[in-house]
Amino acid sequence: MMHRSALSPRGLGLALLALLCGAPLSAFAARLPASVLEAIGNPNRKAAISRLTEVSLKESDSTAQAWELLFLGELKRLNGDDKEARALFERVAGDFPASGAKNAAILGMAVVDAHGKAAGNTRSTLELIADDAVPDTMNADRWLLIGQARAADGTSPSKLNEALDRAAHFSKSDAAVDARITSAIKALRPPSEPVPAGEADRAALEKIRSTLREGDLKGVTTLTTAFVSQFPSSPFAAEVQTAAARAAAGKPPDASRVAVLLPLTGKFAQPAASLRSAIEQASESLGGAYTVSVYDTAGVAAQCVTALQKAVIEDGATIVIGPLTKEEAATCAPAAQALHVAMLPLTSSADVLTAGDQVFRPYPTSEDQVRALVAETLGRRSMKSYAIIHPKTAYGENAAKAFVNEVNAGGGSVTVDIGYDPTTADFRSVAKQLGGKTFEAIFIPDTYQTVALVASAIAFQEISVGAFQTEKGPPAVPLLGLNAWHNDEIARRGGAYVQRGIFVDAFDAHDPDPAVTRFVEGWKGTTPPSVVDAIGYDAMLLAAAALAAGGDPAEALTRVEIANSVAGTLGFSDSREARRKWHLLTVTRTGIEPLPSLVVQPSDPQ
């Protein structure tokens, strides 16, 4: 213990602040006014409350006043005055949003509102706000509440112990709080049991992971050495080896560093440059709180792995965006899994998810688009019968298959499915095969240029399509498509035949949503922003949200949601696929216009 007479009042305040606040003095204390340091250095809580009340009423600096009111609220909460404490927290959150104290104030309200039992939105708030810049006493009660909720849910012992350990850690700053928390923990702590055979190495691995996240590199070295000795044939050996390499490199994980892997050179250099611009723009929108380090993969799988290892082992990155191509991701995603670093590849390939629980896919597949399209046409418009005209390419075949599956699952039917040579420019023989068939819409998963040719051939067969109606015959049927249709030129090329057509896309540059408007107006790329760029932008928002949540980034990615996305991204499903709000678009006489959007959940993992 430090004797009081050995310190000046300000020195004592700083010493106690080191215990009370969950951040280094250099990072947190510099934000706080001397009045707060004085108050938390006063062992007489009532006197501290009185002094902070007096000072806050006279304070002319808004930021200083915000911190004074926050700590005044926390002292009152600890003194049993929940009503006044909550009022102060609410005032800080509402009146001082830019002070840096807002998150702690929101957390304080949640702790008060929990009334000893966290549930619903209150529990979400307790779990999502980071420990940084929050009084330790508040963090102690927050993690105790989370522990109590996890115990009630029957959460795994490891998750329960994680919460209780954090509560115990933060409670040490205040003797009264520590006694109360320690007593509560004893009642909640699951009884220790022998670790079942085969699970001992997993338990040891979890300890290595948590020690690495805490930045204790010496501890990681000790633990990994012991692991190799105890479990030489463990399936986790590769991850343990990489953890040892990270410790040997002397670079602890940096919770503010995001690595971006892109082919800045080679044949994909142009789209990579646009993606880099989008990701950096997203980072700027977050106020520069995160360091974005970009690494060139050159589109080569081996170079992607080398870049990943440098980013994580040497530079301390804790989350990775990229790579761009399917070939790079096929090799790099397993490497990220071995490094136990969360990765968001920017490829539509669903195969990347097989690498493991560290890999998330923010980019939609053609199957995702089909699901949204069928949800609109069959689900909301009650169309039951369809024709498909598709190119005999991997993309066309996959889209057609997905369409048939979704339609059948929804109780509809595909009455005709026609494949064509992707090199042809004459679709009269293709359109002729529609004769005599019954359908309410025609699905064409191809580019806007090809769709215009196919639509013209359909009309040539005297089939009413789009806004074209034959003199005799049934009403015109609409054409349906995916985001390869998204070009205003489709209206000029296809004329009446493509009008009233419906397609889906994740991004619409003309969307009046303020976030999209800011993205488009702030765009610095050499070409207009594409859906790929918009998804890269959202990937950065997702990465930042996961890092701000604290703890394991991959675990955080499964529960965070983002606002201000530009590609409709909401968060991730349990299958680690992006959940999003889709743009429904239609072709008019002059171009493309929006229809009401809809949210479609990713399918369950097979």
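Return the residue satisfying two criteria in turn: it lies in the stretch 337-353 and is in contact with a Gly (Cβ under 7 Å, 6 or more places away or on another chain) and over 15 Å from THR242 (Cβ atoms), and of such residues it is surrounded by the most Cβ atoms within 10 Å (Cβ to Cβ). It comes out as PRO345. Look at VAL504 and say whether it is within 26 Å of the chain's Cα centre (by Cα) and within 30 Å of ALA272 (Cα to Cα). Criteria met by VAL504.
Within the set GLY299, GLY288, GLY356, the sole residue that is at pLDDT below 95, crowded, with 21+ Cβ neighbours inside 10 Å and at positive phi turns out to be GLY299. Within the stretch 414-429, not a single residue is surrounded by 17 or more Cβ atoms within 10 Å (Cβ to Cβ) and either in a helix (DSSP H, G or I) or of a type in the set (Gly, Ala, Ser) (or both).
With respect to the numbered conditions (1) hydrophobic (A, V, I, L, M, F, W, C); (2) assigned to a helix (DSSP H, G or I); (3) touching a strand residue (DSSP E or B) at 6+ places or on another chain (Cβ under 8 Å), which one is the sole condition not fulfilled by LEU480? If we test LEU480 against (1) hydrophobic (A, V, I, L, M, F, W, C); (2) assigned to a helix (DSSP H, G or I); (3) touching a strand residue (DSSP E or B) at 6+ places or on another chain (Cβ under 8 Å), just (2) comes out false. Listed by position, the strands (runs of 3 or more DSSP E) contained in the stretch 497-606 that have at least 1 residues being under 28 Å from ARG213 (Cα atoms) are 569-572, 578-587. The requirement of being closer than 18 Å to ALA48 by Cβ and either among the aliphatic types (A, V, I, L, M) or not assigned by TED's automatic domain parsing to the domain that holds ILE49 (or both) is fulfilled somewhere in the stretch 95-112, by at least one residue. Summed over the stretch 368-401, residues that are surrounded by fewer than 24 Cβ atoms within 10 Å (Cβ to Cβ) and over 14 Å from LEU480 (Cα atoms) total 11. The single condition from (1) closer than 20 Å to LEU453 by Cβ; (2) in contact with a Leu (Cβ under 7 Å, 6 or more places away or on another chain) that GLY412 fails is (1).
Filtering THR211, THR265 for residues that are out of contact with any helix residue (DSSP H, G or I) (no Cβ under 6 Å at 6 or more places or on another chain) and not aliphatic (A, V, I, L, M) leaves a single hit, THR265. Looking for something hydrophobic (A, V, I, L, M, F, W, C) and assigned to a helix (DSSP H, G or I) - is there at least one such residue anywhere in the stretch 337-346? Scanning the stretch 337-346 turns up at least one residue that is hydrophobic (A, V, I, L, M, F, W, C) and assigned to a helix (DSSP H, G or I).
Taken together, ALA130, ALA149, ALA140, ALA105 contain a single residue that is surrounded by fewer than 23 Cβ atoms within 10 Å (Cβ to Cβ) and assigned to a helix (DSSP H, G or I), which is ALA149. Please indicate, with yes or no, whether at least one residue in the stretch 320-336 is surrounded by fewer than 21 Cβ atoms within 10 Å (Cβ to Cβ), without any contact (Cβ under 8 Å) to a residue 24 or more places away in the chain and within 26 Å of the chain's Cα centre (by Cα). Yes, some residue in the stretch 320-336 is surrounded by fewer than 21 Cβ atoms within 10 Å (Cβ to Cβ), without any contact (Cβ under 8 Å) to a residue 24 or more places away in the chain and within 26 Å of the chain's Cα centre (by Cα). Can you name the condition, by its number, that SER382 falls short on among (1) assigned to a helix (DSSP H, G or I); (2) free of Cβ contacts under 8 Å to residues at least 24 places away in the same chain; (3) more than 25 Å from ARG493 (Cα to Cα)? Single failed check for SER382: (1).
The values are calculated or read from the model by the stated rules, or taken from the named source; none is laboratory data. Everything quoted here is computed from the prediction, not taken from an experiment. Glycine also receives a Cβ, built like all others from the backbone with ideal geometry; neighbour counts cover every protein chain displayed.
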